[in-house]
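Only one structure is covered here, and it is reproduced in the block below.
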Amino acid sequence: MMSHPLYQKPANRFYLIIWSVISIGHFCIFYFFYNFSILASALDSLIFNTLYFGLGLGIWYLVRFNPLNKRLSRTILNHAISGVIAVILWASIGKSLIGILPIEDKAYENFLANSNLGRNLIGFALYALFSLSFYLIEHYESLQDRIREELELKALVNEAHLKSLKSQINPHFLFNSLNSINSLTLVSPEKTRDMVIKLSEFLRYSAGKQSQEHATLEEELRHMNIYLDIEKVRFGKKLDIETSIALKPKFLTLFCSHCLKMRSNMASRKAWIQSQLPLSVQNPALSLELKWKTNLMIQLMQKGRESDLTTLRPG
C-alpha cells in the first residue's frame, strides 16, 4: 500500500512552505485590505489555516478509500458528502476557537458572523483541489509501479528463455559430440583423446557456471574456442573460424593515461583498476549480433572502504 506522499521528504517541507505562504497572504489581506486589527488578522490566519493544514493530510485517506477505478458516480458522491462534512467541521471549530479568544474588533466580529458562505466555498474548493492532487499522485505512482513490474517481468521472461535455451543446447550438443567421437575413433584414434578432453572441459565449465550470473571475458572466449574446436571436428572443412575483438583506436591508451594521472594524486593510498565489459546477445532467426557496452571504473581503497572516483565511458 502506498504511503502518505506528504509524510516523505521533500514533499512535507514543500507542504509546510505552501501553507506558510497561504497564512502570510491570509494575514496581509485581512490586515491591509479589510483593516482588521493585527491580533484578529493573525489569529484568524493561524487558526483556520492550521486546521486546514491537518485536514489536508486527512483527505489523502479519503482518496485512498475511494479509488477512481470503481463506480465514478459513487466516488463523486462520497467525496461530496465527505467534503461538506469536513468543511462544516473546519469552519465550526475555527469559529469556536476564535470565539473564546479576547478579540476586541467589532468589524472583524461582524465579518466572522457573515462570512460563513464564502469561507465554506473556499474550504470546499480547497478540498476539491487536494483530492484532485492526491488522485494525480496516486495515478503517477501506480503508473511507475506498473512500469517496474513490466521491466521485472521482462527480465524474468528473458532469464527463463535463456535457461530454456541452455537446457536445449546441452543435450543436442552432447549427442552430436558423441557421434563425432564415435566417427573419429575409426578415422583418427589419436585425435579422439583430444576430443574427449575438450568435451569434458566444455561440460565441466557449463556445469560450474550454471548458477553464476557473470563470467570473465577470458573464460567465455576459452569456452567458445573449445566449443568451436569440437564443432570443427563435426563440420570439418565446411566450418571456418575467425575470432576478433575490436576496440576504438587509442581507447586502452586513453584509459591507462587517465589511471596514471589519478595515481599521481593518490600519494600513499592503494588504488586498483576494475574493468567491466557486460555482453548482451541478441539471437534473431538467422543472425547473431554481439553488442559491447564498456564501463571502466577507477576505484579508491582506503581503510577497507571503496568509493568511485570517476567513470570513463567511450563514445
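The values are calculated or read from the model by the stated rules, or taken from the named source; none is laboratory data. Note that the structure is predicted; figures quoted are calculated from it, not measured. Don't worry about glycine lacking a Cβ; one is built from the backbone with ideal geometry, like all the others, and counts go over all protein chains shown.
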For G25, are the conditions met, namely being surrounded by 15 or more Cβ atoms within 10 Å (Cβ to Cβ) and of a type outside the set (S, T, Y)? no
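Where in the stretch 35-115 are the helices (runs of 4 or more DSSP H), entirely inside, with at least 3 residues that are in the same structural domain as S23 (by TED's automatic domain parsing) and loosely packed, with under 11 Cβ neighbours inside 10 Å?
Details: elements: 38-64, 72-99, 106-114.
Of the helices (runs of 4 or more DSSP H) lying wholly inside the stretch 35-115, those with at least 3 residues that are in the same structural domain as S23 (by TED's automatic domain parsing) and loosely packed, with under 11 Cβ neighbours inside 10 Å span 72-99, 106-114.
Name the residue, out of H79, H4, that is farther than 14 Å from L126 by Cα, in contact with a Leu (Cβ under 9 Å, 6 or more places away or on another chain) and not basic (K, R).
Numbers: H79 fails: farther than 14 Å from L126 by Cα.
From the options H79, H4, the qualifying one is H4.
Return the total of residues in the stretch 69-114 being farther than 21 Å from I29 by Cβ and under 46 Å from the mean Cα position of the chain (by Cα). Give the steps one after another, and end with the answer.
Step one: filter the stretch 69-114 for residues farther than 21 Å from I29 by Cβ, giving 69-86, 88-89, 92-93, 96, 99-100, 102.
Retained after the next criterion (residues that are under 46 Å from the mean Cα position of the chain (by Cα)): 69-86, 88-89, 92-93.
Matching residues across the stretch 69-114 total 22.
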Every residue from the stretch 123-163 that is in the same structural domain as W19 (by TED's automatic domain parsing) and among the β-branched types (V, I, T): I137, I147
From the list L156, L121, L117, exactly one residue is under 35 Å from the mean Cα position of the chain (by Cα) and of a type in the set (A, V, I, L, M). Which is it? L156
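The rows are residues; the columns are (1) at pLDDT below 90; (2) farther than 24 Å from L129 by Cβ.
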position	(1), (2)
Q8	yes, no
G25	no, no
F32	no, yes
N49	no, no
R64	yes, no
G94	no, no
Could you check S142 against (1) of a type in the set (S, T, Y); (2) within 25 Å of F65 (Cα to Cα); (3) surrounded by 15 or more Cβ atoms within 10 Å (Cβ to Cβ) and say which number it fails? (3)
Here are some residues: I137, I88. Which one is modelled with pLDDT under 90 and either of a type outside the set (A, V, I, L, M, F, W, C) or out of contact with any Lys or Arg (no Cβ under 7 Å at 6 or more places or on another chain) (or both)? I137
